[in-house]
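Working notes, structure below.
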Amino acid sequence: MGIDHEDVLGTSGDGRVVRLTIPAKAEYIMLGRLALTSLSRVRELSEEELSDLKLALTEACTNAVEHAYGSGDGLVEITYVVEADRLVVEVSDNGTGFSPPEGEPAAPELLEEGGLGIAIIRAVSDELEIGERPGGGSTLRFVKLLSR
């Protein structure tokens, strides 16, 4: 299973796309949250929507930082697509990759010990998709439908 990059970015052209690439280190995750906060001004997200999105983004980035590269160096790419009725966030890495078994949704028990990140993202988003990237690595995509 792979996530089609064109599908994620929406080929309709009605969304605004922002990409941020950060080192796969915990101290850089805050940059992703800051970018999200700035984008929330474009779409005027409610405080609840912004909090949910920040939590989901933090969990997705933390998974990439902790699991993708082991103790090696790498990059995490965050793509934000702001559309009239939704915000799509995609977190990708070129690391070891993670994909749930065919036909099964990603579940917390599939991750290493203490891995509740996927369950948290699923709880605060409206759509969640995890897949392998062409050429290696993983992509986690979540969508938040916006109320306004």
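Where a number appears in this text, it was derived from the coordinates with a stated rule and is not lab data. Just so you know, these numbers come straight off a predicted model, no measurement behind them. When we count neighbours, we look across all protein chains shown, and the Cβ atoms used for this are built from the backbone with ideal geometry, even at glycine.
Would you list T79, T139, T21 from fewest to most Cβ contacts within 10 Å?
Values: T79 19, T139 26, T21 12.
Placing the least packed residue first, the sequence is T21, T79, T139.
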Label model pair L116, L34: point-to-point distance (7 angstrom along the Cα→beta-carbon line) in nm is 2.9
